[in-house]
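The values are calculated or read from the model by the stated rules, or taken from the named source; none is laboratory data. Because the structure is predicted, anything quoted here is derived from the model rather than measured. FYI the Cβ positions are ideal-geometry reconstructions off the backbone, even for glycines, and counts take in every protein chain you see. Surface areas here come from the heavy atoms of the whole protein model, side chains and all, with no ligands, DNA or RNA. Shrake-Rupley method; radii C 1.70, N 1.55, O 1.52, S 1.80 Å.
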Amino acid sequence: MTAETETPAAATGSCCSPAGACHGGGASDVQVGAVTTVYKVSGMTCGHCEGAVSAEISEIEGVGSVKAVAATGEVTVISATPLDEEAVRAAVDEAGYELVGRA
């Protein structure tokens, strides 16, 4: 299992519809052509921590979404292109936490 994957440009969708949406015309939360990277961050203990880390990483150009989970210390970032790890490290540091590396 790798921490970084690229979604193919021509996604086949899910079992619900070719667009990947369930129950009709709902939008899918999968970003076609996006890169998903999971990072390990130490020091997060609560929802406030998750919000601080997510807010700082969201400021990096090209980031589409961020989901931080304090319980696991994992931060999942979806971006248009692979991110510079030093930019992610600086954002996590600015939030007051430590980037351990890729999960």
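For the set 39, 97, the ranking by accessible area, highest first and with no ligand, DNA or RNA atoms included, is 97, 39 under a 1.4 Å probe.
Between residue 94 and residue 58, the modelled labels are 1.3 nm apart [label points 7 Å from Cα along Cα→Cβ]. Centre-to-centre, using Cα atoms only, the stretch 45-75 and the stretch 76-103 are separated by 9 Å.
Hydrodynamic analysis of the stretch 40-79 uses the Kirkwood radius over alpha carbon pairs. Inserted into Stokes-Einstein at 4 °C and 1.567 mPa s, it gives a translational diffusion coefficient of 131 µm²/s.
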